[in-house]
Amino acid sequence: MDAATSLETHPHAAEHEHHELGWWRKYIFSTDHKVIGIQYGFTGLIFLFFGFSLMMLMRWQLAYPGQALPEIGKFLPHIFGPNTMPDGKMTPDFYNSLGAMHGTIMVFLGIVPLAFAAFGNFVVPLQIGAPDMAFPKVNMASYWAVFVGGIVMLTSFFVPGGAAKSGWTSYVPLAAVADTGPGHLPIFNGQTLWLIGFIFLITSSLLGAINFIATIIQLRAKGLTWMRLPFFVWAQFVTAFLLLLAFPPLEAGIIMQLMDRVAATSFFMPAGLVVNGAAMQISGGGSPLLWQHLFWFLAHPEVYVLILPGMGIVAEILANNSRKPLWGYKSLVFSVLTIGFLSFIVWAHHMWLTGMGSAVSAFFQTTTLIISIPSVIILSAFFISLWGGSIRFTVPMLFATAFLPMFGIGGLTGIPLAFNSADLYLHDTYYVIAHFHYIVAPGTIFALFAGIYYWFPKATGRKMNNFWGKVHFWPTLICMNVIFLPMFLQGMLGMHRRWYDGGQGWTLSGEHVWGLTGFQWNTPISWAAWIMGLAQIPFIINFFWSIKHGKKVNDNPWEATTLEWTAPSPPPHGNFITAPIAYRGPYEYSLPGRDRDYTMQNEPVEPSERVRRKTAEPVLV
Amino acid sequence: MEIPYTVSTRPDTGLWNAKVGIWLFLASEVMLFGGLFSAYIFLRLDAPPGMWPHGLLNVPVGTMNTAILILSSVTVVLAWAALKMRRYRAYWWYMLATISCGVIFLTVKLAYEWPQKFEHFGAYIKPEALGKYEQYLGNKHAAEKDLPPRLEITGHLHNRAALNDPNIKEYEVALDPLNADPTNPAMDRPHFFPLPVTDKIAKIEKEDVERATMFLPTHSAYFASYFTITGLHGMHVLGGVLVFIYMWLPVSKKLYQRNPEHLANRVEVAGLFWHFVDLIWIFVFPLFYLL
Ligand code: HEM
Ligand SMILES: [Cu+2]
């Protein structure tokens, strides 16, 4: 029997093949979206913790500049090389490496793989009732690209001269001349590896973005119209477009910076550049500003890549735990689309100091202020969704509710930065650090924790422990605020974000705010950071322990409405036993006249219901 | 459940999955080359007068390559149409034609155009020494004619060793026609057919030279963009050719026998990519060769 006839007579032949896959194909080189999602999840979590550890080291230097780091300080030079922390004292170069790599790793190897790729992969196909992603092999390739990119980034710590040290923004010409000259290798130096690693990360994101968009367009279940999509799916859809269209210009920039380093071109190098007292042997004619434009053309949309999936997760959890439909679903959808569009035309608000002229500056100030409107709409809709709900304070809900004020603080403190007159003062101070960390740290990361606690039962069939979840939540919330709130003060006192000595040698630091000088505030901040590190231990233990020993639960433990909860937990290969059909919107909680307070998307609309709800949509089957 | 719409179309979108995928991919490619072209514009507008070279590329060869790529875009459509009509032999020949066009394009680029540039030499003269080399530069003539100033002397470097040997004090250059006869009005504009290097030799003292290199990416922002963009474009051509070869080999015949529509879809997707690669070249050609 040849292949063609066997396929016809046994429609499930391909499926049978899958069941016989070896361990390697099933768990390592898998094409199943759930396995890939989980791979992304572990990768993202590990990198998040690693990136956070880099920051915990820096916090020592900021709180106790020039002092030897006890115990750990003796041990680190054995890992990172003798020039990093001689006698436990951090060198400026190592400090810079830590800072640059903290930013890079957190954003591109922590949050994006976790928020976009892991949650997107695991949840989106389930929520739209699809058997898998549209292109499973591309999906696998995208995971392995991020894996290689991560390895390259990690490797760069161990080459002579250490990892990249020009900030996560890699501004030229600083970055172009960094890690060159005596003591550095041609390709195997920090900055060049950073660029090469980045190309892999970009490749991964592009492949992922294509896959997500195609999946959402093509594989929605029958009856799942656009306005019946869970908000999380919308958020991922817009996020994917941001990655798809914003990353390539940065890729172009990365290629050019790579050429500057390996082929001695001058894309970003102006003529007459003098480095260490010697004129550089280059043609010149390049433009450092060009790099900034290309970088921020990605990196502003990127900040929405960091936040939108988090908003999507929070939306699901708020509706589920307030037992109410999400308030203003349509305005939420249009807001997220508006944000997606506007985020492409605000990038130069990171470049006020470059003096781009009042007309250009006025344009970008205006767009930046306009983009805060949809953000405010989303946040308001979330708050209103809570109004009058019968709230269940589950662990996911704790994190999701904490997200709201934290994101609020982060967003509101962005407004002064949007005016170039105010930003001339605040730019590159700790104020900016506090602004965006309020959004990504207690904001996005809380949303991610919420999502992990929320969808854990779908992935494993078990719940994570409630008590230890709370033990994780409260100290983390408190520490986050002790860390980031004082940074606003430090910034307003004028403390620069890249100072190696924490502002100790800086004359104005004598000024007191709330009893401490700007410099002295470093100490409580650092302690809060270290304690927050400890506060993650309950999470880590809870996470691994619950995989095997958590409380067994049914397929829909949160009594939720969206399609992923109609699949078995954990879902088998192909996800659903029969193709699901959606008959209604995503958040049908507390419908009047029902005995349960939730109605799942795949429950047909009853005739009586149609009469009662005058607005009932036509049923598309 | 199996993944739907891999071959057949989804009723409400009218598309199969890979077609959505390739259009999205092309959108990102537009942004990639868009970034590079914006950089080109940025650098070109920033370039001081006389620092953006003209007429250094071989226009007839570039035109021929343009024609070859356009031709291949036609043949790939014919290949696809042949598949749709289930004429495998015709498909096979059209595919072969497409592949050959791609290979010729790459060969011309890599074996002829680039190496020719690597063999060419240019020396930027220091501002204070420009007068000394007026006989090769003709800046007075250029100023009268409102042409950009001429800061560079180009041609074939006779003493290659001079590039790296500090003991050699001057470059011996067989001049390009422009520098050999700079006041000739015929030299005011680049020629369509490039004129060969003359046998007039100029000696340029290293002291008077600001920077001297072969026509490599380091030569100028112009050649940096040229090599980067055509290099990246060439990699796209190579990628397309490899995919076409795969679709042309016997393995794909097996797919054809099993599910001809699937192969036709694949060719369509690859063809869309190929048209895009072609389109990029349509921008590259005028930007670097003509303008
Ligand atoms: C809601 C309205 C927002 C406004 C008006 C706003 C405005 C700004 C401005 C003007 C800057 C530049 C400050 C400077 O460098 O001097 C900035 C920095 C930043 N913002 Fe926002 N922002 C907003 C929301 C967000 C969101 C949602 C995120 C998402 C995570 C975010 C992440 C960042 C980051 C990462 C930086 C710093 C980049 C760096 O210099 O390293 N912002 N913001
Ligand atoms: Cu921004």
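The values are calculated or read from the model by the stated rules, or taken from the named source; none is laboratory data. Bear in mind the structure is a predicted one, so any value in this text is a computation, not a measurement. Glycine also receives a Cβ, built like all others from the backbone with ideal geometry; neighbour counts cover every protein chain displayed.
Structural remarks
- Qualifying residue in the stretch A:316-328 (condition: β-branched (Val, Ile, Thr) and in a loop (DSSP other than H, G, I, E, B)): no
- The lone criterion from (1) more than 14 Å from every other protein chain (Cβ to nearest Cβ); (2) touching a strand residue (DSSP E or B) at 6+ places or on another chain (Cβ under 7 Å) left unmet by A:Pro309 is number (2).
- Across the stretch B:152-185, the number of residues qualifying as part of a loop (DSSP other than H, G, I, E, B), of a type outside the set (Asp, Glu) and farther than 16 Å from B:Ile201 by Cβ comes to 5.
- Restricting the stretch B:49-65 to residues that are polar (S, T, N, Q) and surrounded by fewer than 21 Cβ atoms within 10 Å (Cβ to Cβ), the residue that is nearest to B:Ile280 (Cα to Cα): B:Thr63
- Any chance B:Glu128 is surrounded by fewer than 18 Cβ atoms within 10 Å (Cβ to Cβ) and under 27 Å from A:Pro270 (Cβ atoms): yes
- Annotation: of all residues in the stretch B:169-195 being crowded, with 16+ Cβ neighbours inside 10 Å and modelled with pLDDT under 90, the one that is farthest from B:Phe288 (Cα to Cα) is B:Met187.
- For the stretch B:1-29, filtering for residues that are of a type in the set (S, T, N, Q), part of a helix (DSSP H, G or I) and either within 23 Å of A:Leu290 (Cβ to Cβ) or more than 8 Å from chain A (Cβ to nearest Cβ) (or both) leaves 1.
- Qualifying residue in the stretch A:125-137 (condition: surrounded by 18 or more Cβ atoms within 10 Å (Cβ to Cβ), in a helix (DSSP H, G or I) and within 14 Å of chain B (Cβ to nearest Cβ)): yes
Let's see how each residue does on (1) more than 14 Å from chain B (Cβ to nearest Cβ); (2) near ligand 1 (Cβ under 9 Å from one of its atoms); (3) in a helix (DSSP H, G or I):
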position	(1), (2), (3)
A:Arg392	yes, no, no
A:Phe399	yes, no, yes
A:Leu424	yes, yes, yes
A:Pro442	yes, no, yes
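- Out of A:Val233, A:Val238, A:Val172, sole residue that is outside any helix (DSSP H, G or I) and hydrophobic (A, V, I, L, M, F, W, C): A:Val172
- Per-region count, the stretch A:329-382, residues within 15 Å of ligand 2 (Cβ to nearest atom), buried (at least 16 other Cβ atoms within 10 Å of the Cβ) and in contact (Cβ under 8 Å) with a residue 24 or more places away in the chain: 20
- Pair list, Cβ under 8 Å, 6 or more apart: the stretch A:275-303 residue within 21 Å of B:Val209 (Cα to Cα) and at the interface with another protein chain (Cβ under 8 Å from one of its Cβ atoms), other residue more than 15 Å from ligand 1 (Cβ to nearest atom) and part of a strand (DSSP E or B): A:Gln281/B:Arg211; A:Ser283/B:Arg211; A:Ser283/B:Thr213
- Restricting attention to the stretch B:30-48, the residues that are more than 7 Å from chain A (Cβ to nearest Cβ), over 21 Å from A:Pro288 (Cβ atoms) and either at pLDDT below 95 or surrounded by 19 or more Cβ atoms within 10 Å (Cβ to Cβ) (or both) total 1.
- B:Asp199 vs. criteria out of contact with any helix residue (DSSP H, G or I) (no Cβ under 8 Å at 6 or more places or on another chain) and under 20 Å from B:Tyr133 (Cβ atoms): yes
- Take the conditions (1) touching a helix residue (DSSP H, G or I) at 6+ places or on another chain (Cβ under 7 Å); (2) more than 8 Å from chain B (Cβ to nearest Cβ); A:Thr265 misses just one of them, which is (2).
- Boolean, A:Trp387 is in contact with a Ser or Thr (Cβ under 9 Å, 6 or more places away or on another chain) and either within 14 Å of ligand 1 (Cβ to nearest atom) or away from every other protein chain (no Cβ under 14 Å) (or both): yes
- Exactly one residue out of A:Leu485, A:Leu516, A:Leu489 is of a type outside the set (D, E, K, R), more than 27 Å from the chain's Cα centre (by Cα) and over 30 Å from A:Pro457 (Cβ atoms): that is A:Leu516.
- Of all the listed residues (B:Thr13, B:Thr63), the sole one being outside the structural domain of B:Val237 (by TED's automatic domain parsing) and over 19 Å from B:Ile245 (Cα atoms) is B:Thr13.
- Taken over the stretch A:414-473, the criterion of being touching a Gly at 6+ places or on another chain (Cβ under 6 Å), within 14 Å of ligand 2 (Cβ to nearest atom) and of a type in the set (Val, Ile, Thr) is satisfied by A:Ile439 alone.
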